[in-house]
1. Tell me the label-point distance for the pair C:Glu136, C:Leu208, using the 7 Å Cα-to-Cβ offset, in nm and rounded to one decimal.
2. Can you compute the label reach from A:Ile77? Point 7 Å from Cα along the Cβ direction, backbone N cut-off under 12 Å, restricted to the range A:96-120.
3. If you place +1 on the Cβ of every Lys and Arg and -1 on the Cβ of every Asp and Glu, how big does the dipole about the Cα centre of the range A:42-327 come out, in debye to the nearest 20?
4. Compute the distance in nm between two label points, each set 7 Å from the Cα along the Cα-to-Cβ direction, one at B:Arg133 and one at A:Leu178.
5. Residue by residue, what Karplus-based ³J(HN,Hα) values in Hz, rounded to whole numbers, does the range B:334-344 have, using 6.51, -1.76 and 1.60 with θ = phi - 60° and x for Gly and Pro?
6. Using the Cα centre of the range C:32-93 as origin and beta-carbon charges of +1 (Lys, Arg) and -1 (Asp, Glu), tell me which of C:Leu76, C:Val32, C:Leu44 is placed farthest towards the positive end of the dipole.
7. Taking the 0 to 90 degree range and rounding to the nearest ten, how far is the long axis of helix A:238-265 tilted relative to the main principal axis of chain A, both from C-alpha atoms?
8. Residue by residue, what Karplus-based ³J(HN,Hα) values in Hz, rounded to whole numbers, does the range A:219-228 have, using 6.51, -1.76 and 1.60 with θ = phi - 60° and x for Gly and Pro?
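No value in this document is a laboratory result; all are computed from the given coordinates. Since we're looking at a predicted model, the values are computed, not measured. Please note: Cβ atoms are built from the backbone with ideal geometry, for glycine as well, and neighbour counts cover all protein chains shown.
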Amino acid sequence: MITPPNFPPPGSASDPPVVEVGHSRLRLLIARTRLALHSFRAGWSIFMESRIGVLSLVIIGVFAIMAVAHPILMLTIWDAETYDPVTGYAFDQVDQPSAPSWRHPLGTDPLGRDVLSQLLWSTRSEFVLGITAALVTVAIATTVGAVSAYYGGLVDVFFMRLADLIIALPGISLLIVLSALFKLNLFYLALVIGILGGFGGTAIILKSQALSIKVKPYIEAARVAGGGHFHIIFVHIIPNLLPLSLLYMMFTVTSAIFAEAVLSFLGLLDLRMSWGIMIHTANTGGYLMGGTRYWWLVVPAGASITLLCSAFYLGGRALDEVVNPRLRRRHD
Amino acid sequence: MEANQPHTPPAAAEGLVSVSGLTRQFPVGRSLFRRATSFIHAVDDVSFQLNAGDSLGLVGESGCGKTTVGKLLVKLLEPTSGRITYRLPGLDGAAGQENAPLEASAIIGRQLRTFRRQVQMIFQDPYESMNPRRTIYDTIAEPLAVQGMGTVLDRVDMVSEILMLVGLTPPATFLFRHPHELSGGQRQRVAIARALVVEPAFVVADEPTSMLDVSSRTGIMNLMQQLAHGLGIAYLYVTHDLAVARYMCHRIAVMYLGKIVELAETEELLRNPLHPYTRALLSAVPVPNPEYRREPPSIVGDLTAPIDPPERCRFFDRCPLATHYCRDNPHPAFEEKAPGHWVACYEV
Amino acid sequence: MTASAAVPVLRVVDLSLRYLTRGGEVKAVQDVNFELAQGEALGLVGESGCGKTSVANCLMRLLPDNAQLVAGQVFLDGQDILPLSEDQIREYRWQRIAMVFQAAMNALDPVYKVGQQVVEAIEAHGVEPTLSLARERVAGLFRMVGLDPALMDRYPHEFSGGMRQRAVIAMALACDPRVIIADEPTTALDVIVQDRILRELKGIQQRLHMAIIYISHDIAVVAEVTDRIGVMYAGRLVEYGPTAAVFRAPLHPYTAALMGSFPSIAGEKRVLANLSGEPPNLIDPPSGCPFHPRCLHATDVCRQEIPPRVERGDQWADCWHPLEAAPALEPADNGGT
C-alpha cells in the first residue's frame, strides 16, 4: 500500500481546510448509484421531450403487456384445448375461420385456432427474437468496431472487407438460402441476423465512431497512466461507443422482426407460431384473395409487425437525440 | 547506431532525463501497399539533459516538433533514432543495478509500469483529455487503478488528498462529478492531480495553459510551480508562449522545424538571444505595456513543414544573417557559445 | 460625409442584451456605453463569457434567435441600427461595419476559391458594377493585406493560417466599411504571424482612417494596437479610457488583477497575481458590484449597491474603491539589448 504523500503546504495559498471524506464502501456505492440515476434522468428527460420517443415507448409498452398477458390468460380464463395457439381448436364455432365473436375477439384461423391467442403468444417470441438479435449484433459490432479502430492495420482491413462483403450480400435472400439448408428456429435466426448485422454495416458505423474516440487526448492520457490495450478498449473506447450501440440495437430489433415476418410468410422457418406464420396460414388457405372479408386473419398480425417495427425504429431516432448532442436543441 | 549500445557510462548520464540525437520522422502518404518515400522530420537530432527538480521550457511555433519531443519522452511515441536515458527511482539499470541510467527502448514489461509511475504528462486540452463518461475520481485514480496501487478506499483517500492539494476543495464535492461540470481551470487542476497522484519524478506539460482564460491560467501556472518545487518534480514545459515559459522554467530551449536552435538559462536567453530565430521570436511577442515599442522581427517568409528538408541549416530560407557558407554546409552543430548557452548557428 | 474626430462614427448607448435559455435569462450585456471616433482603435478585453463577443454581435446585428435586446441604441454614422429591418441592416453590414471573424477557417467556405468569395461579397453589395472591376478590387485588397493577387484562385485549404486570416481581413475591407470589428483576429496564430497581421491591420486602419474594435482576451495585443481600451466583466463595461492611461494606472481592481496576471517577456520578472475564483454566472449575477466575490477590496457596500462611476481625466471605472494612481507596471525595459 502506498502511504499518502507528505506534500508540503502550497506556498502562497492558505492551508486548505481538512475535509473528512467518507470511508465506507457504502458511501462510494451510494454516490455512484446517485450519479447513474442522475445521468439516466437527464437522458430520460430529453427522450421524453420528443413526441415520437414517447409514442414509440407507449407502443412498445402495449406489446410488452400483450406478451405478458398470454401466459396469464392461459392460466386463468383460457383453456388449453381451445386456446392453445398451435394445437387448440374452437369447438364452439361451426365454420372455420370464424369471425370475431365474444369468445374469440379476433376470430379463429382456418384451422380453428384463436387468432388473439396466436397474436399474443407470438408477441413474446418477437421480443425474444428482436432483442437476442440486437444483443448479438451490438456485442459483435461494438467489439469489432473498437478493436479494428484501435489496432488498425491488417485487423482493420480484414474486418472492414468482411463488412463490405456482408453488406454486398442481399440479406433476405441469404436468409432464404440458409433456411433452406438448415432448420432455422427462433434462436438460430436471431443468431444469424445478429452475426450478419454485427459484422456488417453496424460494425463500420461503430468503427468510424471508435476512430474519433481513439484520437482523443484522453486515450493518450490513459496510456501515460499505464493502461494497456485491454484497459483502453474496454474502459475508454467501448463505454463511449455504447450510446451509439444502443441506437443500433433499436434498429436491429426492427430488421430482425421484419426478416422473421418475411421468412415465416414464405414458410421457411421452424417456428411454432409467429406473426409471419399467421399470415402464411391465411395465405396458404387462399384467404388473402378474398379481399377484406377475412380481415382478422391478416390485419392483427400485419398491423403488429408494422407497429412494433416502427416503434423500435422511432425509438431509435428519439434515442439518437439523446446520444447525439448535435441533434439536440441547444439549451445552454 | 546508438540504439545498439544500451550501456551508457554513468558520467555521461548524470541527469534524470538525458536526450541525445533524438530523431523522429513521420512518413507522408504511406498506405498499405505503398511505402512512404517522404518523411516529416518532426524531431531531428535533438539533445538536452534535465536534472532532478529542473524545469526546461520547450518553445517554438506550431509544427516545430515540440509536442513530439514531449510524447517521445513519456513513451507515447518511439524515436526513429537517437536515445533517451532515464535515471529514475525504482527503475533498474540495464545491468540490474538500482537507480542506474536506463535507455528508453529497454523499458518494457515490469519496468514500463514503474516508468509510468515516474513519468507523467499533462495535456493541452482540458476538455478532451478526460473521458467525459468517467467521474473526476475515476480520472484521477486511473493511474493508481491500472497499476494496482492501494485498495479502492485507499484510492479515494489519495485522490481526495491530491484534490485538496490542487485547490479543489472540499474534495467530496468534486470526487463524483463529471468533467463537463467543471470549468476549464478546474479541469486542468484535475489533469495536474492525475499526473501528480502517482508522485512522479518527471512530468511533461504540453501547453497546459494555452486553452485557458487569462485568470485561470495564472492560477494553474502558480500551482504547477508550487507543486513541482514542493515535490521536487522535474518538468519539461512545452509552450508556444515565451512569456509563459519565462515564468515557468529555469531554462528555455527554442525549437525550429525539428531542431533545437538555442538553449540557455531563461533570463540569459531573453536578455541575450544569440540565434536569429530566437531574436525574431522574442521581438514578435507582444508586451502588455502600451509604452513599450518593439522592433518588427527581422525574418522573412513563412513557416514550412519539414518534409525531407535539405541538409543545410533549417532556418536558412528565412534567416537575415544567412550566408553562402550557411547554404553550402550542413545544419550547424549545437555548440556552447557561452557557459550554459547553447546555439546552433554559424553566424554567431 | 466627412466626420471630424469629434463626431463619433459609432456610439453605443445603454446596450443591454439577454439570451433566453432553459436555465433562465443570461444577462450577457448590461448597460454598455462607449463611443468610437473615426480612425480610432478600441480594445475590448475580458475573460471568456464576459460579453465581448455579444457586444460585437449586437454591433453587427448578428444575433442568435434566443437573443433579446433589452434596451439601448447603436448609432452608426448617427443612425440607430438596432430597430432596422433585416433588409435595411444588410446595407449597413459589410458596407459600414464589417467583421474579421475569430476562426478564419470557418469564415471561408472550403469549396469556393478565396478570391471568388471576396468577389461575391462585393457583388452582393453592388459596390462594383462589373465582375472585372470587382476582381480588380479584390486584387487590390489582396495586395493591401499582403497577399499575392495570384492567390485569388486558390482554395482556402491551400492557404496557411496567417494567409487565411489575411484573406478574411481582405473580405472585411471589401466594401470600404467605416468600422471594423476584429474578434480575436490572431488567437490561433503563431507569434511571428500574429505580429505581421497586427502590423498590417494597424497600417491599413491608419491609412484608411478607419475605426476598429479589437476584441481579445490577450491584453498584450490590445496594449499594442489600440488607442482606447474597455474592460468588460460580467456583461458590463467596468473600466474605459485611453489605453496608455489605463495600463499606467488602472482604476478598477479587476483591470489591475487582469494586468497583474499577464506574463511578459519585457521588464523585470514580476510575481504573477492569482485572480482567484471564476467569472459569475450571468443568469444570477452577484448583487452590487459584479466583481465583489473575487475582489480583494470588497466591502459591504460593494455587495449591496451598484458602484458609482469614478473618473480620472478621460478614464473612468465603475467601482466603490478605485485604485490610487500607483504604477501598475514597472517601467518597461525599453532599451532591451
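1. 1.9
2. Correct set: A:102-105.
3. So the magnitude is around 800 debye.
4. So the two model labels end up 2.7 nm from each other.
5. My calculation for the range B:334-344 gives 7, 10, 8, 7, 9, x, x, 10, 9, 9, 10 Hz in order.
6. C:Leu44
7. 10
8. Once rounded to whole Hz, the list reads 6, 4, 4, 5, 5, 5, 5, x, x, x.
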